[in-house]
Each structure stands twice: as structure tokens, then as C-alpha cells.
Amino acid sequence: KAGVTQTPRYLIKTRGQQVTLSCSPISGHRSVSWYQQTPGQGLQFLFEYFSETQRNKGNFPGRFSGRQFSNSRSEMNVSTLELGDSALYLCASLKDSGANVLTFGAGSRLTVL
Amino acid sequence: KNEVEQSPQNLTAQEGEFITINCSYSVGISALHWLQQHPGGGIVSLFMLSSGKKKHGRLIATINIQEKHSSLHITASHPRDSAVYICAVEEREYGNKLVFGAGTILRVKS
């Protein structure tokens, strides 16, 4: 079965622009969570969506937003990009809430110039 | 103080050695995850634990809920085990929101 698919894999933006990243979970998985990984801060939780509703949110500014569609695909958006937003953005999917093993996508590497 | 602390930060071992990576946390949790990340970024979930011990091949993970501590053991280590190993906890009141340790960089030399 197909894994978690993230697009695009690599992208370069300039300060002030916005970016939208996409995550397609494993078929049948209803929970999608997003993470930011930087050399300085490591992995940090951004938000989690379950059945089109944001269920949890990390400590990121309002420039970071997301949504989930009825087919469980999720997008995250970062507006007014800053240099510090350069990072690897990872998403992971779960079949449903509770005790399940996460399956991660390969990530989207964003560079902000 | 970080909510999730891992030790050691860096570890170099000879092929065949027994390896232990430790994780301590300070919050109430519903589960703990051990993750593996190879150069290039891809993360693989190795274990999810809420109690006791789990084994998969040469990997063993244990958790002591009372002491808020978990260990990941690798038996008969191999160069292909070289990776970053990351501990992450699900805070009890926040469901699937993960809090991550800084990771342990493991290098196994042949």
C-alpha cells in the first residue's frame, strides 16, 4: 500500500512569500500531524488534524496554518515567510486516535532566501 | 529544562557492540515513541510504548512509567544502524501532540 506522500519535496522561496505544502496520508488514516525540523530546534509539533478538525496545535505563530480535506489529505500554509522558516516539514498519519504507530512522509524541505 | 531528555547526544560503537540510548521525560504521558532518522531526513517509527517492553529483531525498547524513563537497546550493532534515534512522548492531556527529544546520533564502525 502507498505510504505518506508529501509534495513538493524541495522548494525555495523568498522572504515575505507564502508557501503551501501537501500531505496525502495512507489510505484509511484519518489523522494527519505536521512537524517542523530545524538544526537548532530539532523536531517540533505544528498541528494535528482528525476528520477535518484541528485537534491539537503547537506553539507556532499564526502565520502557520493548516487544513484537512474530506479525503484526509492535508495542507499546511506558511504566510509572510521568514528566513527562520527554512526547515524540513514532515507530516505523519495515523489510522485513528489513540495508540497507533505513526507513519511519516519523506518531508518537504523549504529554503527561504 | 526540556520535557524530554535523551542521552547520550552522540555515540560511537564498534560493530557487534550492545548499545543503549536513554530517554527521560518530565510530563505525564499516554505513550512514548522511538523514531529512527537516517541522513536525508526520512523518519521511521520503531516502537510505540505505553508500558513494559517491546522487541523487534535486534531492537528492544523498555519503559518505566513510574520512573519516567525509557531505553532503546540495539544488540549486535551493525553499521546500517548508524542514524539519529529520537524519543518522543505523547503528553497525556494533549492526545497525539508529540514532544521530541533532541536525538542521539549513533555511528557504528565496522
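The values are calculated or read from the model by the stated rules, or taken from the named source; none is laboratory data. Since this is a predicted model, take the numbers as computed values, not measurements. Because the Cβ atoms are built from the backbone with ideal geometry, glycine has one as well, and the counts that use them run over all protein chains shown. What goes into the accessible areas is simple: the full protein's heavy atoms, side chains included, and nothing from ligands, DNA or RNA. Shrake-Rupley method; radii C 1.70, N 1.55, O 1.52, S 1.80 Å.
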Would you be able to say whether some residue in segment A:28-51 is in contact (Cβ under 8 Å) with a residue 60 or more places away in the chain, more than 14 Å from every other protein chain (Cβ to nearest Cβ) and open to solvent by less than 60 Å² (accessible area, probe 1.4 Å)?
yes
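Residue-wise test of (1) open to solvent by 20 Å² or more (accessible area, probe 1.4 Å); (2) within 14 Å of chain A (Cβ to nearest Cβ).
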site: B:A31; (1), (2): no, yes
site: B:Q36; (1), (2): yes, yes
site: B:V44; (1), (2): yes, yes
site: B:K53; (1), (2): yes, no
site: B:I86; (1), (2): no, yes
site: B:V108; (1), (2): no, no
Output for segment B:59-77, where each listed residue is open to solvent by 70 Å² or more (accessible area, probe 1.4 Å) and more than 21 Å from B:L98 (Cβ to Cβ)
B:Q66
Residue selected from segment A:15-25 under the condition touching a strand residue (DSSP E or B) at 6+ places or on another chain (Cβ under 7 Å) and open to solvent by 10 Å² or more (accessible area, probe 1.4 Å), by the criterion nearest to the other protein chains (Cβ to nearest Cβ):
A:P25
Those residues of segment B:88-106 which are over 19 Å from A:E48 (Cα atoms) and more than 11 Å from every other protein chain (Cβ to nearest Cβ), in sequence order
B:T104, B:I105, B:L106
In segment B:6-22, anything away from every other protein chain (no Cβ under 12 Å), open to solvent by less than 70 Å² (accessible area, probe 1.4 Å) and at negative phi is listed as B:S7, B:P8, B:L11, B:A13, B:I19, B:T20, B:I21, B:N22
When you go through (1) surrounded by 15 or more Cβ atoms within 10 Å (Cβ to Cβ); (2) within 13 Å of another protein chain (Cβ to nearest Cβ); (3) touching a Gly at 6+ places or on another chain (Cβ under 9 Å) one by one for B:Y25, which number turns out not to apply?
(2)
